[in-house]
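Note sheet for the following structure.
The values are calculated or read from the model by the stated rules, or taken from the named source; none is laboratory data. These numbers come from a predicted model, not from an experiment. Here the Cβ positions follow ideal geometry from the backbone for every residue, glycine too, while neighbour counts run over all protein chains shown.
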Amino acid sequence: MRLIGTLSREDVAQKFSLFLRKEKIDHSIDVQMDSLHETFSYGIWVHNEDELERAKKLFQEFQKDPNNAKYTPPPPPPQPQQRAPAFRERNVKARRQMPTRGFSDIGKYKITLFTILICAMVFLINLFQRADVIKEEGPTSATMFTSIQFALFYDVPQALVEYEQVLRKYKIDPEKRLSEQPPEVKAAIDRIEHLPMWKGIYEAVVEKWKNPDKPWDFSGPMFEKIRKGQIWRLVSPIILHVSFLHLLFNMLWLWILGKQIEERVSKVSLILLVIIVGVISNTVQYLISGPLFLGYSGVVLGMVGFIWIRQKIAPWEGYPLPKITILFLTFYVLAMMFLSFSSFVFEVFEAPAFSPNIANAAHICGAIVGIILGRFPILIGRKN
């Protein structure tokens, strides 16, 4: 989206806008106020780069002779008389003139819509698989995962696979303590607990804090499935969601942010942005907390960081993300970090703990990566 010129009168700007619509040039008018002189200016923004040169030429011709008859729209057809509305809109002097968008415009956002569709389909598949697990396994299902979760988690340690096998074999009731289980179950679980497994830096810090004399424990094989060639796991956790509210929250933000980016960059660039943010934020989260995390929120924060930095260094691109939205999401991330820190304190002092299960590392890392990518135009190609 590029600015082709500025006009000082609203009626003249509207006349030129009607002419551009007649020429089928997608555009918008941005109203700016000079608070010092209490005057307004009306910037003409063209959305499509391919129409930029033609729009500039038409604007120059319009400035030379704005009263030319070709710029005067034909009179509207007579309308039947209607009662005047009881209330009329007031204070519209400085309103923003934007082109009308209908349902046909939704097709412009193919990557955003496709991503939302994939996340929704995966959620439904997981929902049906969860229902089957509950039906087959009964109480045991409370601590089991579905097959699609196993297929899309960042990693699936061998210890977790064997634990699932024990649950299915012995139909273990999670409400019972380990001491109340049959001897063969206790032996099987005890063996699994001694299997090496990467649990994340967070778990190692908690154990070290509880037992300062104990050496740091960063044992356990890492990237077990990825090293076997399952490289899709680097990004696939972003399309998994644990509940409908979790899915709805992330998809609403994806729709709001993804549309803005897809309007301004090429589809290849948007895909690269999602993949790069997803891979890096997922990997950092895996190193911090282990393999069992999911959700699109790391990429959402990456999009926020990307838009924020583009607003700073390239304001002419016209990203309409209000500052209050960025502040809200920043406050949300800080609040989630506070919850996680509170959980850490409870664990360290062995108080009754709660587990917020929030991927804070993915949130923070995603935002940082989005900001960094926003500074490299070579990776963010302009939309044709």
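Results for (1) more than 23 Å from S340 (Cα to Cα); (2) small (G, A, S); (3) not in a helix (DSSP H, G or I), shown as yes or no for each residue.
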| site | (1), (2), (3) |
| --- | --- |
| L254 | yes, no, no |
| I275 | yes, no, no |
| V284 | no, no, no |
| L294 | no, no, yes |
| P320 | yes, no, yes |
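Scan region 227-248 for residues that are over 18 Å from A361 (Cβ atoms) and among the aliphatic types (A, V, I, L, M) and the total you get is 5. In region 46-68, the residues that are touching a residue at least 24 places away in the same chain (Cβ under 8 Å) reach residues that are in a helix (DSSP H, G or I) with C-beta atoms within less than 6 angstrom, at least six apart or across chains, in these pairs: V46/L52; V46/A55; F62/F16; P66/V12.
Scanning region 208-248 for residues that are under 30 Å from V345 (Cα atoms) and either hydroxyl-bearing (S, T, Y) or free of Cβ contacts under 8 Å to residues at least 24 places away in the same chain (or both) turns up K208, N211, P212, D213, K214, P215, W216, D217, F218, S219, S243, L245. Residue pairs whose Cβ atoms lie under 8 Å apart, separated by 6 or more positions or on different chains, with the first residue in region 258-270 and under 17 Å from I371 (Cα atoms) and the second part of a strand (DSSP E or B), are R264/R382; V265/R382.
Checked against (1) out of contact with any Lys or Arg (no Cβ under 8 Å at 6 or more places or on another chain); (2) modelled with pLDDT of 65 or more, Y71 meets all criteria but (1). Among the candidates R21, R83, R2, R90, the residue that is under 30 Å from R264 (Cα atoms) and modelled with pLDDT under 85 is uniquely R2. In the condition set (1) under 26 Å from A362 (Cα atoms); (2) at pLDDT 80 or above; (3) of a type in the set (G, A, S), A187 is compliant with all but (1). Of all the numbered requirements in (1) touching a Ser or Thr at 6+ places or on another chain (Cβ under 8 Å); (2) part of a loop (DSSP other than H, G, I, E, B), K214 misses one, and that requirement is (1). Restricting attention to region 242-256, does a residue exist that is among the small types (G, A, S) and buried (at least 18 other Cβ atoms within 10 Å of the Cβ)? No.
So which residues in region 24-47 are surrounded by fewer than 15 Cβ atoms within 10 Å (Cβ to Cβ) and modelled with pLDDT under 85? Result: Q32, M33, D34, S35, L36, H37, E38, T39.
Any residue in region 303-326 that is closer than 25 Å to K225 by Cβ and in the same structural domain as F341 (by TED's automatic domain parsing)? Scanning region 303-326 turns up no residue that is closer than 25 Å to K225 by Cβ and in the same structural domain as F341 (by TED's automatic domain parsing). Summed over region 9-24, residues that are within 14 Å of Y71 (Cβ to Cβ) and outside any helix (DSSP H, G or I) total 2.
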